[in-house]
Each structure stands twice: as structure tokens, then as C-alpha cells.
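A.B. asks: Attaching a single structure in C-alpha cells format; questions to follow.
The values are calculated or read from the model by the stated rules, or taken from the named source; none is laboratory data. Here the structure is a predicted model, which is why all the values come from computation and not from measurement. Cβ sites come from the backbone with ideal geometry, for glycine too, and all protein chains shown count toward neighbours. These accessible areas exclude ligands, DNA and RNA; they are computed on the full protein's heavy atoms, side chains included. Shrake-Rupley method; radii C 1.70, N 1.55, O 1.52, S 1.80 Å.
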Amino acid sequence: MTFPYKLVATDLDGTLLRDDETVSGRTREALAAVTAAGAAHIIVTGRAVPWTRHILDDLGYEGLAVCGQGAQVYHAGEHKLLTSLTLDRQLAGLALSKVEAEVGPLALAASRDGLDGEVMVGPGYRVQEGPLPAVFVKDPAELWSAPLNKVYIQHPDLDDDALATAARAAVGNLVDVVMAGPGVVEILPLGLSKATGLSLAARRLGVKGADTLAFGDMPNDIPMFAWARRGVAMANAHADLKAVAQEITTSNEDDGIAVVLERLLQTSS
């Protein structure tokens with residue numbers, strides 16, 4: 001059996017993970033069949049390593065993972081960070097002041113660099129319920145006291161798309177701004193994207209974008225789709241990602257990844 005791609009890149013939340021943060025047996029089997037057919041599987045997520053590691057361990061995943069919107073390339077089998085890009089904190093502070101000059105005060109959180117980097121949550125920032133650990137701080141200055149991969153921003157009135165658009169217009173030449181999920185708008189180093197990290201990881205595996213099939217659900221997956229040969233959006237995906245996808249599969253709750261992989265395995269057998 002020859003699988004038509006050498007690399008399968010999957011986003012995590014809303015894509016590989018079901019809404020209860022588990023991966024279905026059917027999807028696990030499809031991915032196992034793909035890797036048995038000679039393709040590599042890389043998880044590409046906006047989550048930093050500390051928020052991703054437990055999922056990789058549960059999957060028995062030992063390959064490379066791209067975390068932190070491309071900032072980190074992580075070797076899951078060795079529990080080792082291979083690359084890590086940090087956000088210039090002075091530049092981020094300047095960017096935030098420019099955004100706030102346009103839209104008013106923001107609530108902030110920040111993802112610290114490193115294998116055990118915590119997510120620091122400032123006053124007023126709404127954290128989604130769930131198992132992911134966060135450290136709440138009363139003094140916003142504490143957010144800036146150690147190297148960061150990214151800063152999360154929230155606005156009391158603007159929705160995610162409006163906030164991302166306004167922030168991008170205010171600071172597009174200083175930093176990158178992405179909408180990565182419900183309630184998740186992030187400020188990143190300029191030029192950083194999932195495609196950046198994925199291309200680094202793929203180079204280590206000796207594969208290219210032309211060899212890659214990518215799955216995702218949010219606007220932060222757009223660069224990854226542009227880099228890959230084929231981009232598949234989940235049925236639950238954001239309209240902006242669906243607009244650039246070559247295919248739309250079923251939702252993350254309905255094994256959308258497995259649906260596509262099973263079809264490709266069948267046609268290549």
C-alpha cells in the first residue's frame with residue numbers, strides 16, 4: 001500500500017480532539033494505518049508544550065510536534081524542546097499600547113517559554129473551563145517577568161474576529177495577530193505561524209509541503225494550508241479557513257480526520 005502523502009499534519013483542538021479533549025478509537029486507528037503505510041503524523045497546535053504534552057503521552061505519540069503556533073518544535077519521545085522562538089516583550093508591550101489606543105483596555109494572559117512554561121493570567125482575563133493549568137496574577141507586571149512565546153488578549157465588548165481585525169490593523173507591522181479558537185486571540189512574533197514551525201519539523205523528517213496533507217479548523221491554520229499540498233477543514237471550522245480549504249470533511253465530533261484518511265487508504269491499497 002502506498003499512501004499518497006508522506007506527512008499528515010493535524011491541528012489539535014476542534015480537529016484531532018473531540019470536544020471532551022479525547023481522540024476517538026476510529027481516528028487513532030486511521031492514523032496508525034497511515035503511519036504503517038509509511039507517512040509521518042505531526043500534531044501542529046497553538047497550545048504551548050506544557051498544555052500539549054499530556055495529550056501526546058496519552059496517544060503514545062513519540063514523534064515531533066509543533067506547538068505554540070509554530071514557536072516550538074518538540075520531540076515527544078524524548079520530551080525535549082528542539083526549537084523555541086520567543087516574543088520580544090518590549091515590542092509586545094508597544095503593540096498592546098497601540099491596540100489599546102484604538103479599542104480601549106484589554107485583558108491579558110501570557111504563555112511563558114520553555115518545557116514547563118506556565119500560562120500567566122492577568123486581571124479580568126476569562127479562562128475557559130477545563131483541565132489546563134494557569135497561574136492567576138493580580139499584578140499585570142508579573143506577566144512580563146520571564147521570556148514569553150505569546151500574549152493572549154481579550155476585549156470586554158468586541159468578539160474574537162472584530163478584536164483580531166482591529167489589533168491587526170493597529171500593529172500588523174510589529175507583531176502577528178491570530179484568532180486561534182473561541183475566546184483566543186493571540187499576539188505572536190512577526191512572521192511566526194504554524195507553517196513556520198511545520199516547515200522546520202518537516203525538514204527534519206526530509207519531507208516538503210508538496211508531500212503534506214493538513215487538517216484544521218481555525219484561521220491560525222490558514223498558513224499551514226497554504227504551505228501544504230492539500231488542506232482539509234473540519235465541518236465545524238471557521239468560515240475563513242473553509243474559504244481556503246480544498247476539502248471540507250465531517251466535524252471533529254464525527255471523526256472528520258478518519259473519514260478522509262480511510263478514503264485515501266482505500267484508494268491507495
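A.B. asks: What angle do you read, to the nearest 10 degrees and between 0 and 90, between the alpha-carbon axis of helix 25-36 and the longest principal axis of the chain?
C.D. replies: 70 degrees
A.B. asks: Given a 1.4 Å probe and every protein chain left where it sits, what share in percent of the accessible area of the stretch 1-133 is carbon and sulfur? List each step's numbers first, then the result.
C.D. replies: Values: 2870 of 5810 Å².
C and S atoms contribute 49 percent here.
A.B. asks: At R0 = 30 Å, how high is the FRET efficiency between R28 and R126 if r is their beta carbon distance? Nearest 0.05 is fine. Intermediate values should be presented prior to the final figure.
C.D. replies: On the way: r = 32 Å, r/R0 = 1.08.
Plugging the Cβ-Cβ distance into 1/(1 + (r/R0)^6) gives 0.40.
A.B. asks: May I ask what percent, to the nearest 5, of DSSP beta bridges between residues of the stretch 80-233 are antiparallel? Provide the component values of the computation, followed by the final result.
C.D. replies: On the way: 19 of 25 bridges.
Percent antiparallel among DSSP bridges in the stretch 80-233 is about 75.
A.B. asks: How many Å² of accessible area per residue for the stretch 154-244, probe 1.4 Å?
C.D. replies: Accessible area per residue: 39 Å².
A.B. asks: Provide the percentage of antiparallel DSSP beta bridges, counting only those with both residues in the stretch 1-123; round to the nearest 5.
C.D. replies: Working: 11 of 17 bridges.
Rounded to the nearest five, the antiparallel share is 65 percent.
A.B. asks: A further question follows. What FRET efficiency comes out for R203 versus E142 if R0 is 22 angstrom and r is the Cβ-Cβ distance? Round to the nearest 0.05.
C.D. replies: Numbers: r = 37 Å, r/R0 = 1.67.
Calculated value: 0.05.
A.B. asks: Students often get this wrong, so check it: of K6/K150; K150/K194; K98/K150; K194/K242; K6/K80, which have C-alpha atoms separated by over 20 Å? It would help to have the intermediate numbers written out before the result.
C.D. replies: Numbers: K6/K150 31 Å; K150/K194 13 Å; K98/K150 17 Å; K194/K242 17 Å; K6/K80 24 Å.
Violating the 20 Å limit, Cα to Cα: K6/K150; K6/K80.
A.B. asks: For the chain, find the longest principal axis of its Cα atoms and tell me its angle to the long axis of helix 256-268, 0 to 90°, nearest 10.
C.D. replies: With rounding to tens, the tilt is 30 degrees.
A.B. asks: Next question, about the same structure. Scan the chain and hand back the longest stretch that contains none of the trypsin sites (Lys or Arg not before Pro) lying in DSSP loops with at most 14 other Cβ atoms within 10 Å. Please list the in-between numbers first.
C.D. replies: Numbers: sites that count: R126, K138.
Excluding the exposed sites themselves, the longest stretch runs over 139-269.
A.B. asks: How many nm separate the modelled label positions at S97 and A210, each set 7 Å beyond the Cα in the direction of the Cβ?
C.D. replies: 4.8 nm
A.B. asks: Also: Given the Cα-Cα distance of D57 and E118 and 0.36 nm per residue of separation, how much length would full extension add, in nm?
C.D. replies: Extra length available between D57 and E118 comes to 20.1 nm.
A.B. asks: Between D240 and Q266, how many nm apart are label points set 7 Å from Cα along the C-beta direction?
C.D. replies: 3.5 nm
A.B. asks: A further question follows. Considering only P147, P133, P219, give the residue with the highest GNM mean-square fluctuation for the chain, with springs between Cα atoms whenever their separation is below 10 Å.
C.D. replies: Of P147, P133, P219, the Gaussian network model singles out P133 as fluctuating most.
A.B. asks: Further question on the same structure: For labels at D157 and E78 in the simple 7 Å Cα→Cβ model, what's the distance in nm?
C.D. replies: 5.2 nm
A.B. asks: Could you compute the longest span of the chain free of GluC sites (Glu not before Pro) located in DSSP loops and having at most 13 other Cβ atoms within 10 Å, not counting the site residues?
C.D. replies: No qualifying site falls inside 130-269, the longest such stretch.
A.B. asks: If you line up the long axis of helix 194-205 against the longest principal axis of the chain, both from Cα atoms, how many degrees apart are they, to the nearest 10?
C.D. replies: 40 degrees
A.B. asks: So what's the back-of-envelope 222 nm ellipticity for the chain, counting only DSSP H runs of four-plus at -39500 (n - 2.57) apiece and dividing by all residues, rounded to 500? Mind dumping the intermediate values first?
C.D. replies: Values: 8 runs with 85 residues, N = 269.
Theoretical 222 nm ellipticity from helices: -9500 deg cm²/dmol.
A.B. asks: Please give the solvent-accessible surface of D11 in Å², to the nearest 10, using a probe radius of 1.4 Å with every protein chain present.
C.D. replies: 10 Å²
A.B. asks: While we're looking at this one, here's another question. Of all DSSP beta bridges in the chain, what percent run antiparallel (nearest 5)? Show your work: numbers first, answer last.
C.D. replies: Numbers: 27 of 45 bridges.
The answer is about 60 percent antiparallel.
A.B. asks: In square angstrom, what is the accessible area per residue of the stretch 1-145 with a 1.4 angstrom probe?
C.D. replies: Values: 6680 Å² over 145 residues.
So the stretch 1-145 comes to 46 Å² accessible per residue, rounded to a whole number.
A.B. asks: Roll a 1.4 Å probe over the protein heavy atoms and report the accessible area of V244 in Å², nearest 10.
C.D. replies: The value for V244 is about 70 Å².
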